[in-house]
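Colleague: Let me begin by handing over the structure; questions about it come next.
The values are calculated or read from the model by the stated rules, or taken from the named source; none is laboratory data. All values derive from a computational prediction rather than experimental measurement. Note that we place each Cβ from the backbone using ideal geometry, even for glycine, and neighbour counts take in every protein chain shown. With ligands, DNA and RNA removed, areas are computed over all heavy atoms of the protein, side chains included. Shrake-Rupley method; radii C 1.70, N 1.55, O 1.52, S 1.80 Å.
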Amino acid sequence: MAVFCIKQGKDIRLKGAAEKEIVAMPLPSKVAIQPSDFRGLKPRLCVKVDDVVKAGTPILEDKVYSPIKIVSPVSGKVAAIHRGEKRFLLEIVIEADGRQEAIVFPKFSKEEIRQLTKETVEDLLLESGLWPVIRQRPFSRLAHPEESPKSIFVHAMNTEPLALDVDFILRGREAQFQAGLDILKKLTQGKIYLCAQEGAKSQALTEAQGVEIHYFSGPHPAGNAGTHIHYLDPVHKGDHVWYVEAQDVLRIASLFLEGVYPAERIVAVTGEGAAKRIYAKTIVGAPLSLLLAESRLEGMRCISGSILTGKDVGPGGYLRFYDSQVTVIPEGGQRKFLGWLSAGFDKYTFSKTFASSFLPQGEVSLTTDKHGSDRAIVLNSVYDRLVALDIMTYFLVKAVYGEDIEEMERLGILECDEEDFALCTFACPSKTDVGAMIRQGLDLIEREG
Amino acid sequence: MKFLEEQIKKMGKLFEKGKPLEKFYPLYEALDTFLLTPGTTIPKAPFVRDAVDLKRVMSFVVIALIPCLCMGIYNVGYQMEAAQGAAHSFWGAVASGAAKVIPIILVSYLAGGLWEVLFAVVRKHEINEGFLVTGILYALILPPTIPLWQAAVGISFGVVFGKEIFGGTGMNVFNPALVARAFVFFAYPAQISGSTVWVALDGYTRATPLAVAAATPKGQSVVQALQEAGYNFGNMFAGFIPGSIGETSALACLMGLIFLLVTRVASWRAVAGCVLGFLTMSSIFYFLRGPQKLAFFALPPHWHLVMGGFAFGSVFMATDPVSSSATDAGRWIYGFLIGVLTVLIRVANPAYPEGVMLSILFMNAFAPLIDHFVVENHIKRRLRLLYRKA
């Protein structure tokens, strides 16, 4: 056990935190599966419109490695398949019939779980469609069952603005969480690292057996999987680590204990635009309209995920597969006269160029305003204070611009993910999307092998 | 504000594709975003952005230059009055100073701005704010007597060959204002060096402190020679001495520096490196000099600090984030070597009276090399750690 105190980074204290009160939501009438949630998946459709599906029926499978499946979280029928340009699969909408009939998988008692073999665990996870909850670094893509990870990280904290308090939702579910950890342990010869916020109280974390628990403190990105991996078991070229969200560990456990596809997900409904800010107990792929009922959403941006790493899905959109948060913030777009000259008592900035930089700041209200235009990078020193990894961000970005794969790898791009650089993108005066550049570099490496 | 927004929008119609002024869209865009914030929103994560942009950052450098500008205007007038032996009046000095300085600044902005716009139009990109800084920096490092056409030729060279051929703001290797000044310095040496150009009065000769120090014969006290010429630590620190327009006052530079550091626009490491290197080298000369050496060696380090353009150069030029080193360790090295070279050129090289311009340009060329070593070192350390953990 160790405590890591992260010094770089910064917390954006956004208005609109959710009350810590878990409210069970009714079963949604529609859910959607969005293939773009699964990085590394080459989706092949297994269903047609109007097909009847059960909870656990495969909707998509991987073209390259077909045992990897994405399944329906509800029973009902396929209502629509939306495609974009070049027939790109956007989403598969499933209409729920409310009966929640499920495909039945074998189930095990807690004692039996300890005796399971790697093959049984793998097969059941793949068969049930729960495998995609395991992702790998580098590249933050779906884990590949035939690769053996040197360790598995359980990500039991989140420091993004208004994020779900993982410690809170694990309370009272110690046995289930432990069962999930036991199952994960079958998948690797290496260690299981459990990463939690310093001061976490849930016994699911503090009393966890058979894992190595580490605590992280400090501002965001102290809670990013990338930060944890960097400090505990960094990846070099050629090896992999896997990582799983703590909530998904609970789901893995409930699959093995109950024998049905567990679709349950607790989602923090946050942001000043959300009327009821609660921890909603719903299912994966739920529509935002269910979570944001009673909210007035004109002029609001509805994000599945956080303001730093989420996706704009719109008020009619659906929760993404890995998200446990919905954020609603006001749209920007107001033009201000000589805005760049104002004293800026009401501006939010990491820099020291506004009056507000020198005043105490409470919770802030932020819009989707860009506050400037794109420029070449001039102030290259802003990044270093915001990245928790030992990476020279500016030079890495330059290597990506130059498409110099060897240099990118030497500078450590394989340890990075775009989410680790979200704060750089936020703070860059030249409005450079640093995260997108990192992703561009990673994509290039993946493509070129 | 709605009215203004509509008027600008109406005007913008003329610049749209297919309209007569299509080519000059960058000009319209610059005016538009100068008056009103762009108002664009972000389609993908992160959905929120910092309120700071490059306009804000660049305008802060310009604000930091205001003390130097004011002091420069006043001092140019003050030196003229002193040379004429006229009675001193504050507003008189300001007026005659402004009459000399304002045209130089206008010419610098107009001539340089023209190139800037031309390149933006041809390259179809937005006009960069970086020029706001270059334009005034350049004007402030010229002597008040510079012929305006030379000022215009200089800034043209600086903008085109110092910046635009590399791809514009953010891509340049050298500080464009210094490239411009170096061009004038080598192309028209008579108008930018010697003893006659520093006071804006025809035929009036007064050597700058650096020239006095360099000319002090062996065996004499350099401090005494300076004092006889009318220079003491106090008036050199405050800036009531002849010199380039904005560089004479170490006090004004200090005010600018404090502003830049408090707002974190400039890197304190580069400045600290500069001062450290500068004091080190001048101390070496001062404390380790032999008895028969140049009199200039005996100038105390703190006198060095307030003479010539060092204060201005280290605060406003060495901190330029684009042309300086981009790593923390690199900034120290980069600054330190600027300081060392400045003193070396000043004291040991009789061909150039002041070394700060040349040493910064020289180190601009070396900044990528310094960064290369710092980055390689970082990579080696990272790999060592990685394999130890593995």
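Colleague: Within 10 Å, count the other beta carbons around each residue, average over each peptide in A:389-402, B:127-140, and list them highest first.
Modeller: B:127-140, A:389-402
Colleague: Each residue of the stretch A:158-167 in turn: what ³J(HN,Hα) in whole Hz from Karplus with 6.51, -1.76, 1.60 and θ = phi - 60°, glycine and Pro shown as x?
Modeller: Rounded to whole hertz, the list is 8, 10, 5, x, 6, 5, 4, 7, 5, 3.
Colleague: Would you work out what percent of the accessible area of the stretch A:370-448, with all protein chains in place, is carbon or sulfur (probe 1.4 Å)?
Modeller: Values: 1030 of 2420 Å².
Answer for the stretch A:370-448: carbon and sulfur cover 43 percent of the accessible area.
Colleague: Let me make sure I get this right: for chain B, a, b and c are the square roots of the gyration tensor eigenvalues over alpha carbons, sorted descending. Under 1.5 in a/c it's rounded, otherwise prolate if a/b > b/c, else oblate. Which is it? It would help to have the intermediate numbers written out before the result.
Modeller: Values: a/c = 2.20, a/b = 1.29, b/c = 1.70.
Verdict is oblate for chain B.
Colleague: Please report how far the C-alpha centroid of the stretch A:374-398 lies from that of the stretch B:102-180, rounded to the nearest whole angstrom.
Modeller: 27
Colleague: Compute the whole-percent fraction of alpha carbon pairs in the stretch A:146-235 spaced more than 18 Å apart. Walk me through the numbers before you get to the answer.
Modeller: On the way: 1697 of 4005 pairs.
Counting every Cα pair in the stretch A:146-235, those more than 18 Å apart make up 42 percent.
Colleague: If R0 is 51 Å, what FRET efficiency do you get for B:Ser221 and B:Trp268 from their C-beta distance, rounded to 0.05?
Modeller: On the way: r = 35 Å, r/R0 = 0.69.
Plugging the Cβ-Cβ distance into 1/(1 + (r/R0)^6) gives 0.90.
Colleague: Please compute how much accessible surface disappears when A pairs with B, both sides summed, using a 1.4 Å probe, and round it to the nearest 100 Å². All intermediate terms of the calculation are to be shown ahead of the outcome.
Modeller: Numbers: alone 20250 and 19660 Å², together 33890 Å².
Summed over both sides, the interface buries about 6000 Å².
Colleague: Describe numerically, in nm with one decimal, the distance between label points set 7 Å from Cα along Cα→Cβ at A:Arg44 and at B:Phe373.
Modeller: My value for the distance between the label points is 5.7 nm.
Colleague: Return the long-range amide H neighbours of A:Leu89 (sequence gap of 5 or more, or a different chain), with a cut-off of under 5 Å between placed amide H atoms.
Modeller: Answer set, sorted by chain and number: A:Gly84.
Colleague: Next question. Of A:Cys428, B:Val62, B:Ile370, which is farthest towards the positive pole of the protein assembly as shown's charge dipole, taken about the Cα centre with +1 and -1 on the beta-carbons of Lys, Arg and Asp, Glu respectively?
Modeller: B:Val62
Colleague: Quick one: of the DSSP bridges fully inside chain A, what percent are antiparallel, nearest 5?
Modeller: Numbers: 37 of 64 bridges.
Of all bridge pairs located within chain A, approximately 60 percent are antiparallel.
Colleague: What is the stretch B:169-270 by shape, rounded, prolate or oblate, if you read a ≥ b ≥ c off the alpha carbon gyration tensor as root eigenvalues and call it rounded for a/c under 1.5, prolate for a/b larger than b/c, and oblate otherwise?
Modeller: Working: a/c = 2.16, a/b = 1.38, b/c = 1.57.
Since a/c reaches 1.5 but b/c is at least a/b, the shape of the stretch B:169-270 is classed as oblate.
Colleague: Next up: Determine the gain in length on full extension of the stretch A:Ala293-A:Gln361; use 0.36 nm per residue of separation and subtract their C-alpha separation, reporting nm with one decimal. Walk me through the numbers before you get to the answer.
Modeller: Values: separation 68, 0.36 × 68 = 24.48 nm, distance 3.09 nm.
Stretched fully, the A:Ala293-A:Gln361 segment lengthens by 21.4 nm.
Colleague: Once the convex hull of the alpha carbons of chain A is built, what does its volume come to per residue, in cubic angstrom? Please report the intermediate quantities before stating the final value.
Modeller: Details: hull volume 65.9 nm³, N = 449.
Expressed per residue, the convex hull around the Cα atoms of chain A is 147 Å³.
Colleague: Just to check I understand the Karplus step: with θ = phi - 60° and J = 6.51 cos²θ - 1.76 cosθ + 1.60, what whole-Hz values come out for the stretch B:348-355, glycine and proline as x?
Modeller: Rounded to whole hertz, the list is 9, 10, x, 6, 10, x, 10, x.
Colleague: Which of the listed residues, A:Ser217, A:Gln176, A:Leu27, is farthest toward the dipole's positive end in the protein assembly as shown, when Lys, Arg count +1 and Asp, Glu count -1 at the beta-carbon?
Modeller: A:Ser217
Colleague: Same structure again: Cβ under 14 Å from B:Asn364's Cβ, B:Asn364 left aside: what net charge do those residues give with Lys, Arg +1 and Asp, Glu -1?
Modeller: On the way: positive: B:Lys163, B:Arg181, B:Arg331; negative: B:Asp320, B:Asp371.
Around B:Asn364, the charge tally is +1.
Colleague: Which whole-number percentage describes the relative contact order of the stretch A:378-449, with Cα contacts under 8 Å and a sequence gap of 6 or more?
Modeller: Details: 79 pairs, mean separation 25.4, N = 72.
That works out to 35 percent.
Colleague: A:Glu198 to A:Glu448: extension gain in nm, 0.36 nm per residue of separation minus the Cα-Cα distance?
Modeller: Working: separation 250, 0.36 × 250 = 90.00 nm, distance 4.00 nm.
Full extension of this stretch gives 86.0 nm more.
Colleague: Rounded if a/c is under 1.5, else prolate if a/b is larger than b/c, else oblate: which is the stretch A:370-448, with a ≥ b ≥ c the root eigenvalues of its Cα gyration tensor?
Modeller: Values: a/c = 1.83, a/b = 1.54, b/c = 1.19.
Prolate, because a/c is 1.5 or more and a/b exceeds b/c.
Colleague: May I have the convex hull volume per residue, in Å³, for the Cα set of the protein assembly as shown? The partial results should precede the final answer.
Modeller: On the way: hull volume 149.9 nm³, N = 839.
With only Cα atoms used, the protein assembly as shown gives 179 Å³ per residue.
Colleague: Please give the FRET efficiency for A:Ser109 paired with A:Ala79, using the beta carbon to beta carbon distance and R0 = 35 Å, rounded to the nearest 0.05. Don't skip to the answer; put the middle values down first.
Modeller: On the way: r = 38 Å, r/R0 = 1.08.
FRET efficiency, A:Ser109 to A:Ala79: 0.40.
Colleague: Ranking request for peptides B:209-220, A:217-228: highest mean number of other beta-carbon atoms within 10 Å first, then the rest in descending order. Provide the component values of the computation, followed by the final result.
Modeller: Working: B:209-220: 18.2, A:217-228: 23.8.
So the peptides B:209-220, A:217-228, ranked by packing, come out A:217-228, B:209-220.
Colleague: Given a 1.4 Å probe and heavy atoms of the protein chains only, how would you sort A:Thr206, A:Thr353, largest accessible area at the top? Before the final figure, lay out each step's value.
Modeller: Numbers: A:Thr206 55, A:Thr353 5 Å².
Output order, biggest surface exposure first: A:Thr206, A:Thr353.
Colleague: Over the stretch A:213-350, calculate the relative contact order: mean separation of alpha carbon pairs under 8 Å at least 6 apart, over the residue count, as a percent.
Modeller: On the way: 170 pairs, mean separation 25.1, N = 138.
For the stretch A:213-350, the relative contact order is 18 percent.
Colleague: Given 0.36 nm per residue, what is the gain on full extension from B:Thr280 to B:Ile66 after removing their alpha carbon distance, in nm? Spell out each step's value before the answer.
Modeller: Details: separation 214, 0.36 × 214 = 77.04 nm, distance 3.00 nm.
Roughly 74.0 nm would be gained on extension.
Colleague: Given a Förster distance of 60 Å, report the FRET efficiency between A:Arg99 and B:Ala187 from their Cβ-Cβ distance, rounded to the nearest 0.05. Before the final figure, lay out each step's value.
Modeller: Details: r = 87 Å, r/R0 = 1.45.
Efficiency, rounded to the nearest 0.05: 0.10.
Colleague: Hey, another quick one. What value does the stretch A:238-286 have for Rg/Rh, both radii from Cα atoms and Rh as Kirkwood defines it?
Modeller: Computed over Cα atoms, the ratio is 1.13.
Colleague: Can I ask one more? If you place +1 on the Cβ of every Lys and Arg, -1 on the Cβ of every Asp and Glu, and leave all else neutral, what size is the dipole of the protein assembly as shown about its Cα centre, to the nearest 20 Debye? Can you show the working numbers first?
Modeller: On the way: 84 positive and 82 negative charges, 204 e Å.
Dipole about the Cα centre, nearest 20: 980 debye.
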